[in-house]
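**Q** Input: one structure, supplied below.
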Amino acid sequence: MKVDVQQKNVALEYLCENPDMEILLDANLLIPPDRNRLGVRPIAFTQYKEIWLDPLFTEFKNLAIHEAVYEELVADNVKMYVDGKCNEIPSKLRIYTDKILDGIERVLLQSYIRKIAVHSKYIPERDNASDRGEVRSLSFMAVKGMYYF
């Protein structure tokens, strides 16, 4: 992967300058990477929590996920960590559900899902797991007019 160090990433810069803005996370930010099939030893959750998750939740105060992302969290340690962040007072993580949408927003949501899904492995009619979190999160964000990174 090539990283352009000559130009600033304005989105990342804006995010760092506005740590209180709401940020919807994808599951791949909450789950430790596992490249075992490529011969790379996986990162233990305790280490991932220490070097990535704890600093993320310390620096950004308004983190959220969509319910479809929450469903992707199958490892007990990841789910317990996320549940803990949701139950802290004040809460460190919000979970958005489609139930909060009104009738017009639900129609828009389905429209966005169909448009985005064609670029993924997600098949809305089957509600299969592949790319569900990404498609449904992006669609929810579009309906609610949220920023995304």
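**Q** Excluding E22 itself, calculate the net charge of residues whose Cβ lies under 12 Å from the Cβ of E22, where each Lys or Arg counts +1 and each Asp or Glu counts -1.
**A** Net local charge, E22 excluded: +2.
**Q** Something else about it: What FRET efficiency comes out for V10 versus N62 if R0 is 30 angstrom and r is the Cβ-Cβ distance? Round to the nearest 0.05.
**A** Approximately 0.90, to the nearest 0.05.
**Q** Which entries of K85/K115; K8/K61; K8/K85; K49/K99 show an alpha-carbon separation above 27 angstrom in the structure shown?
**A** Table pairs above 27 Å Cα-Cα are K85/K115; K8/K85; K49/K99.
**Q** Still on this structure, I have one more. Scan around I31 for amide H atoms under 5 Å from its own, H built in the peptide plane at 1.01 Å from N, and keep only partners 5 or more places away or cross-chain.
**A** Here the answer is none, since no amide H 5 or more places off falls under 5 Å of that of I31.
**Q** Placing +1 at every Lys and Arg Cβ and -1 at every Asp and Glu Cβ, with all other atoms neutral, what dipole size does the stretch 58-141 have around its Cα centre, in debye to the nearest 20?
**A** Values: 13 positive and 14 negative charges, 35 e Å.
Value, rounded to 20: 160 debye.
**Q** Show D76, D131, D102 ordered by accessible area, largest first, where the area counts protein heavy atoms only and the probe is 1.4 Å. Present the calculation step by step, with values, prior to reporting the outcome.
**A** Details: D76 120, D131 55, D102 80 Å².
Per-residue accessible area, sorted high to low, gives D76, D102, D131.
**Q** Got a sec? What order do T97, T46 fall in by accessible area at 1.4 Å, biggest, i.e. largest, first?
**A** Largest accessible area first, the list is T46, T97.
**Q** For the stretch 18-128, build the charge dipole from Cβ charges (+1 Lys, Arg; -1 Asp, Glu) around the Cα centre, then report which of P33, P55, L109 sits farthest towards its positive end.
**A** Ranked along the dipole, the leading option is P33.
**Q** Right, something else. To the nearest 10 degrees, how steep is helix 103-117 against the longest Cα principal axis of the chain, on a 0 to 90 scale?
**A** Helix 103-117 sits at roughly 60 degrees to that axis.
**Q** Same structure, new question: For the stretch 51-149, what mean projected area does the convex hull of the alpha carbons give, in nm²?
**A** On the way: hull surface 29.1 nm².
Averaged projected hull area, Cα only: 7.3 nm².
**Q** Alpha carbon centre of the stretch 85-149 versus the stretch 13-76: separation in Å?
**A** 17
**Q** List the relative contact order of the stretch 19-110 as a percent without decimals, with contacts defined as Cα pairs under 8 Å and 6+ residues apart.
**A** Relative contact order of the stretch 19-110: 30 percent.
**Q** Loop only per DSSP, at most 14 neighbouring Cβ atoms within 10 Å: give me the GluC sites (Glu not before Pro) in the stretch 43-100, ordered by residue number. Don't skip to the answer; put the middle values down first.
**A** Values: sites: E50, E59, E67, E71, E72, E88; in loops: E88.
Here the GluC sites (Glu not before Pro) that fit, given the DSSP loop and packing criteria, are E88.
**Q** Roughly how many debye, to the nearest 20, is the charge dipole of the chain about its Cα centre, given +1 on each Lys and Arg Cβ, -1 on each Asp and Glu Cβ, and no other charges? Spell out each step's value before the answer.
**A** Values: 20 positive and 23 negative charges, 85 e Å.
Value, rounded to 20: 400 debye.
**Q** Hey, any idea what % of the chain's accessible area is carbon plus sulfur with a 1.4 Å probe?
**A** Carbon and sulfur together cover 55 percent of it.
**Q** Roll a 1.4 Å probe over the protein heavy atoms and report the accessible area of K144 in Å², nearest 10.
**A** Looks like 80 Å² after rounding.
**Q** For a quick check: with amide H placed at 1.01 Å from N, whose amide H comes under 5 Å from I95's, ignoring anything fewer than 5 positions away on the same chain?
**A** Long-range HN contacts for I95: I65.
**Q** Please say if the stretch 9-71 is rounded, prolate or oblate, where rounded means a/c under 1.5 for a ≥ b ≥ c the square roots of the C-alpha gyration tensor eigenvalues, and otherwise the choice is prolate for a/b larger than b/c and oblate otherwise? Please list the in-between numbers first.
**A** Numbers: a/c = 2.02, a/b = 1.69, b/c = 1.19.
Verdict is prolate for the stretch 9-71.
**Q** Right, another one. Could you work out how much longer the chain between S130 and N87 gets when fully extended? Use 0.36 nm per residue separation minus the Cα distance between them, nm to one decimal.
**A** Result: 12.7 nm gained on full extension.
**Q** Also: Given a 1.4 angstrom probe, what's the average accessible area per residue across the chain, in square angstrom? Spell out each step's value before the answer.
**A** Working: 10260 Å² over 149 residues.
Here the residues of the chain average 69 Å² of exposed surface.
**Q** Here's another thing I want to ask about it. Kindly sort I51, I23, I95 by accessible area of their heavy atoms, largest first, with the probe set to 1.4 Å. Kindly include the intermediate steps, with their values, before the conclusion.
**A** Working: I51 100, I23 25, I95 60 Å².
Highest to lowest solvent-accessible surface, that is I51, I95, I23.
The values are calculated or read from the model by the stated rules, or taken from the named source; none is laboratory data. Only a predicted model underlies this, so the values are computations on that prediction, with no experimental measurement involved. As a convention, Cβ positions derive from the backbone with ideal geometry for all residues, glycine included, and neighbour counts pool all protein chains shown. These area figures cover heavy atoms from the full protein model, side chains too; ligands, DNA and RNA do not enter into them. Shrake-Rupley method; radii C 1.70, N 1.55, O 1.52, S 1.80 Å.
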